[in-house]
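Here the structure comes first, spelled out in structure tokens, and everything after it is commentary.
Read the figures in this text as sums done on the coordinates, not as results from a lab. All figures in this text were calculated on a predicted structure; none of them were measured in a lab. In this analysis, Cβ positions are derived from the backbone assuming ideal geometry, glycine residues included, and neighbour counts consider all displayed protein chains.
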Amino acid sequence: MSENELPFSNGNFALLEQALRKHYGADLSGYKYSFLQRRLEIALKRLRCKDVEELIQLVIADEAKARLLFSILTINVSSFFRNPDVFQFIDTHVLPEIFRVVQSGTINILSGGCSTGEETYSLAAMIAESFSQEISRVNIVGIDLDPLNIEKAEKGLYPPESAGDIPLKYKKFFSISPEGLQVDPALRKITSFKTTNIVDLKPENPFHMVIVRNVLIFLQRAYQSRILAHVLSIAATPAFLVLGKVESVPRELAHFFKPLSLRHRVYRIIKEKG
Ligand SMILES: C[S@@+](CC[C@H](N)C(=O)[O-])C[C@H]1O[C@@H](n2cnc3c(N)ncnc32)[C@H](O)[C@@H]1O
């Protein structure tokens, strides 16, 4: 089956997609159908539905279940400092250049498809540690399609065991309370979150770094290009793109994203076609 084919020949999946969109405003249009089919099988089991028709009824009748279904369908696994070598590369090769070139004014960073916020707060902690003198001019925006993820990100509260993913030098930006692992107010001050599709984001100011990790891999190729074309349109000069370890820039857009480190999937964004 190709990535664009419907998983069910009777088109039930398309009906489910429409119901989610109509009753909940959820947008699954960019996802690979092969991926959604696998997630749908998990959703049927978790929501104890015998078939897609029953799921559609559930979505129409119960908004909380619709939200849960959307979360199951759009995988949202994340962790603090995921792929630590990438964070280290950003810290030593990307951020110093941005701070050197952008001598005054705000430095804008986008964490696109941020899930529950671990990536966004990891960036904030790294910048607070390495560029403490400049922290007041940093603005990090985390966005995600799923409002449930954004609600969690805004709380900044995580299970205590997630502390194990945080390198020693950044632990001071997090505290353990009876409720769990709490993000320091200093990090929350420079971060904000918003529920939106990346392609719909219309920022007030362009971004100097856009991190979209482990998002494109689930999406159809045409949609990956749509997202990266939008990233190009909201990028500042200079600006950098960071993708997930197994993701890459589609060939037709390669001249706009020049690899800085292919190993770390870090690219320099070139706004003018050379
Ligand atoms: C697997 S998580 C990755 C989280 C984080 N970037 C990381 O690497 O740890 C992918 C997230 O991307 C979000 N997502 C998928 N398509 C999106 C889009 N078009 N715009 C915004 N968020 C999207 C999903 O809701 C999900 O939370």
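If I take all pairs of Cα atoms in the stretch 12-73, what percentage of them are more than 18 Å from each other?
When every Cα pair of the stretch 12-73 is considered, 20 percent fall beyond 18 Å.
Using just the Cα positions, wrap the stretch 61-207 in a convex hull and report its mean projected area in square nanometres, one decimal place.
9.8 nm²
Pairing the Cα long axis of helix 12-24 with the longest principal axis of the chain, what angle in degrees results, from 0 to 90 and rounded to the nearest 10?
That works out to roughly 60 degrees.
Kindly work out what percent of the DSSP beta bridges joining two residues of the stretch 100-203 are antiparallel, to the nearest 5.
Beta bridges within the stretch 100-203, antiparallel portion: roughly 35 percent.
Let's test the formula: R0 of 41 Å, r as the Cβ-Cβ distance of Glu151 and His255. What FRET efficiency results, to the nearest 0.05?
Rounded to the nearest 0.05, the efficiency is 0.55.
How large is the Kirkwood hydrodynamic radius of the chain, counting all unique pairs of alpha carbons, in Å?
Averaging 1/r across every pair of different Cα atoms and inverting gives 19.7 Å.
Taking the convex hull of the alpha carbon atoms in the stretch 116-274, what volume per residue do you get, in Å³?
Per-residue hull volume (Cα only) is 129 Å³.
Sorted from largest down, what three extents in whole angstroms do the Cα atoms of the stretch 1-137 have along their principal axes?
Result, largest extent first: 57, 32, 23 Å.
For Ala163 and Ile176 in the same chain, what is the full-extension length gain: residue separation times 0.36 nm, less their Cα-Cα distance, in nm?
Taking 0.36 nm per residue and subtracting the Cα distance, the gain is 3.8 nm.
Where does the longest stretch of the chain lie that holds no trypsin sites (Lys or Arg not before Pro) found in a DSSP loop with 16 or fewer other Cβ atoms within 10 Å?
By the stated rule (loop sites, at most 16 other Cβ atoms within 10 Å), 51-244.
Between 0 and 90 degrees, rounded to the nearest ten: what's the tilt of helix 52-61 against the longest Cα principal axis of the chain?
70 degrees
Quick one: angle between helix 33-46 and the longest Cα principal axis of the chain, in degrees between 0 and 90, rounded to 10, please.
Here the helix axis deviates by roughly 70 degrees.
Please give the length that would be gained between Arg48 and Asp200 if that part of the chain were fully extended, namely 0.36 nm times their separation in residues minus their C-alpha to C-alpha distance (nm, one decimal).
In short, 51.4 nm is gained.
Take Arg263 and Ser192, extend 7 Å from each Cα along the Cα→Cβ direction, and tell me the distance between the two endpoints in nm.
Output for this residue pair reads 3.8 nm.
Assuming R0 = 25 Å, what is the FRET efficiency of Glu272 and Ile217, from their Cβ-Cβ distance, to the nearest 0.05?
The formula returns an efficiency of 0.30 here.
Which links in Lys172/Lys194; Lys32/Lys245; Lys65/Lys189 stretch past 24 Å when you go from one Cα to the other?
Beyond 24 Å between Cα atoms: Lys172/Lys194; Lys65/Lys189.
Of all DSSP beta bridges in the chain, what percent run antiparallel (nearest 5)?
Taking every DSSP beta bridge with both residues in the chain, the antiparallel ones total about 40 percent.
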